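Worksheet: one structure, shown below.
The values are calculated or read from the model by the stated rules, or taken from the named source; none is laboratory data. Treat the numbers as computed from the prediction; the structure is a model and nothing was measured. Every residue, glycine among them, receives a Cβ derived from its backbone with ideal geometry; neighbour counts consider all protein chains shown. Please note that ligands, DNA and RNA were not included when accessible areas were found on the heavy atoms of the full protein model with its side chains. Shrake-Rupley method; radii C 1.70, N 1.55, O 1.52, S 1.80 Å.
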Amino acid sequence: MSSPAVQQPESVQVVEPTIPPAVPVTAPYNPPAPQASAPSASLYVGELDPTVTEAMLFEIFNMIGPVASIRVCRDAVTRRSLGYAYVNYLNAADGERALEQLNYSLIKNRACSSYLSRIMWSQRDPALRKTGQGNIFIKNLDEAIDNKALHDTFAAFGNVLSCKVATDEHGRSKGYGFVHYETAEAADNAIKSVNGMLLNDKKVYVGHHISRKERQSKLDEMKAQFTNLYIKNLDTEVTQEEFNELFNRFGNVTSALVATDEEGKSKGFGFVNYEKHEEAQKAVDELHDTDFHGKKLFVTRAQKKAEREEELRRSYEQAKIEKMSKYQGINLYIKNLEDDFDDEKLRAEFEPFGTITSCKVMRDDKGTSKGFGFVCFSSPDEATKAVAEMNNKMIGSQAAA
DNA sequence: TCTGAGCGT
């Protein structure tokens, strides 16, 4: 803010490359260029690094043919690049060639980092982009397949408006991507022809693109219509036959399994799948939390492994946050403890300041003190008092901190 | 396992 207002002309200024007198050929005194050139030769260049300037783009695009003008779009207030630009050629044919030759090529910034750009014809009508018509999704892509390779593979089925392989922060393929065709027919054709086929020896999936929101609601719908159940807290003496019998009462069971170890001993959980959702729901309603062979059954919708892992991860994170806020202001960290200092000695030192809810000297796997520990009080007042009194105080021969 | 982002003077 207070730094001297250094102007960085090249990052702000709109460079209108000077195209010698050739520009206003037909109507020298009419300010705007004849509309014939503008709409047909206007390219949209996306995925630009914010440091890319008009001048840098000019150098590249003017190699193809005479460029009429270039604009990097910027935030009205901050002037920061919005990451896309327009390149207007005088001749539509040059735009076509730029698409062929420069699309997916690297564009360098001043620091000489390279960025893949994505070039399309400027399409001011947002309708096509909004509807997702003709947009397809491809997964299980070999990691060697990049934007260009994807484009080349799918261009056989129709005009590709845009195409992209999803990548991680290092630019490595995530194994899936998108191809947006001009028409729905081209998309259908590509799906019919490529879905299930081998690309670089990998069997790819090709289907219509579904937006994240749509996808989630479909998933929720599927979850609501579950037929597969997960059962736990099953007495390990319960046999497969008894298990089957229990669940058969609620409908047509298509599969039922008590999980067992190598020796065939029950692991105390299992899965049951019904033909109909209503049957599965009934089994949950009637059996969950009921007594079976002396144990309270746990019966719920079975989760996919990934879904279960996601849930576990979330609850772990949540627990961590709760723990942190719970101990905020009442848990003390004490270091410089003598080696023979144990939990009891630590407690004895801090007991005078209040009620200690937990107290621990940390040790390595051999049981040797790490020289630090924690004391948790029941209230922040007590903890504050303990800090005031004990910080830097000598216990034995070392200072506690 | 994984279903983008995106259009001006």
Residue within segment A:368-383 that is within 33 Å of the chain's Cα centre (by Cα), in a strand (DSSP E or B) and in contact (Cβ under 8 Å) with a residue 12 or more places away in the chain present: no
Return the pairs, sorted by first residue and then second, in which the second residue is outside any strand (DSSP E or B), the first residue lies in segment A:85-101 and is open to solvent by 70 Å² or more (accessible area, probe 1.4 Å), the beta carbons are less than 8 Å apart, and the residues are 6+ apart or on different chains. A:Asn91/A:Ser37; A:Asn91/A:Ala41; A:Asn91/A:Gly65; A:Asn91/A:Pro66; A:Arg97/A:Ile64; A:Arg97/A:Gly65; A:Gln101/A:Ile64
Filtering segment A:249-268 down to residues that are at positive phi and in a loop (DSSP other than H, G, I, E, B), which residue is modelled with the highest pLDDT? A:Gly251
What's the number of the condition A:Lys139 fails, among (1) more than 21 Å from A:Ala184 (Cα to Cα); (2) in contact (Cβ under 8 Å) with a residue 24 or more places away in the chain? (1)
Working only within segment A:55-73, note down all residues that are surrounded by 20 or more Cβ atoms within 10 Å (Cβ to Cβ) and within 12 Å of DNA strand B (Cβ to nearest atom). A:Leu57, A:Val67, A:Ala68, A:Ser69, A:Ile70, A:Val72
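Limited to segment A:131-187, what total is found for residues that are part of a helix (DSSP H, G or I) and either open to solvent by less than 70 Å² (accessible area, probe 1.4 Å) or in contact with a strand residue (DSSP E or B) (Cβ under 8 Å, 6 or more places away or on another chain) (or both)?
In the first step, residues of segment A:131-187 are kept if they are part of a helix (DSSP H, G or I); the result is A:131, A:147-157, A:184-187.
Going one step further and asking which of them are either open to solvent by less than 70 Å² (accessible area, probe 1.4 Å) or in contact with a strand residue (DSSP E or B) (Cβ under 8 Å, 6 or more places away or on another chain) (or both), we end up with A:147, A:149-151, A:153-155, A:157, A:184, A:186-187.
Of the residues in that region, 11 qualify.
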Only one residue in A:Arg313, A:Arg363 is surrounded by fewer than 16 Cβ atoms within 10 Å (Cβ to Cβ) and within 16 Å of DNA strand B (Cβ to nearest atom). Which one? A:Arg313
Unmet criterion (only one of (1) within 16 Å of DNA strand B (Cβ to nearest atom); (2) over 21 Å from A:Leu229 (Cβ atoms)) for A:Glu307: (2)
Does A:Lys148 satisfy the condition of being charged (D, E, K, R) and near DNA strand B (Cβ under 10 Å from one of its atoms)? no
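Which of the residues belonging to segment A:180-206 are free of Cβ contacts under 8 Å to residues at least 12 places away in the same chain and farther than 19 Å from A:Ser162 by Cα? If you could, list the steps in order and put the result at the bottom.
So in segment A:180-206, the residues free of Cβ contacts under 8 Å to residues at least 12 places away in the same chain come out as A:188, A:192, A:196-198.
Hits for segment A:180-206 are A:Lys192, A:Gly196, A:Met197, A:Leu198.
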Condition broken by A:Val52, with the remaining ones in (1) within 13 Å of DNA strand B (Cβ to nearest atom); (2) buried (at least 20 other Cβ atoms within 10 Å of the Cβ) satisfied: (1)
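Which of the residues that make up segment A:269-326 are small (Gly, Ala, Ser), outside any loop (DSSP other than H, G, I, E, B) and modelled with pLDDT under 95?
Step one: of segment A:269-326, the residues small (Gly, Ala, Ser) are A:270, A:280, A:283, A:294, A:302, A:306, A:315, A:319, A:325.
Still in the list and also outside any loop (DSSP other than H, G, I, E, B): A:270, A:280, A:283, A:306, A:315, A:319, A:325.
Scanning segment A:269-326 gives A:Ala306, A:Ser315, A:Ala319, A:Ser325.
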Sort out which residues of segment A:78-129 are near DNA strand B (Cβ under 9 Å from one of its atoms) and modelled with pLDDT of 90 or more, and write them in order of number. A:Leu82, A:Gly83, A:Tyr84, A:Ala85, A:Tyr86, A:Val87, A:Asn88, A:Arg118, A:Met120, A:Trp121, A:Ser122
Output the residue which, of all residues in segment A:191-219 that are within 14 Å of DNA strand B (Cβ to nearest atom), among the charged types (D, E, K, R) and in a helix (DSSP H, G or I), is least open to solvent (accessible area, probe 1.4 Å). A:Glu214
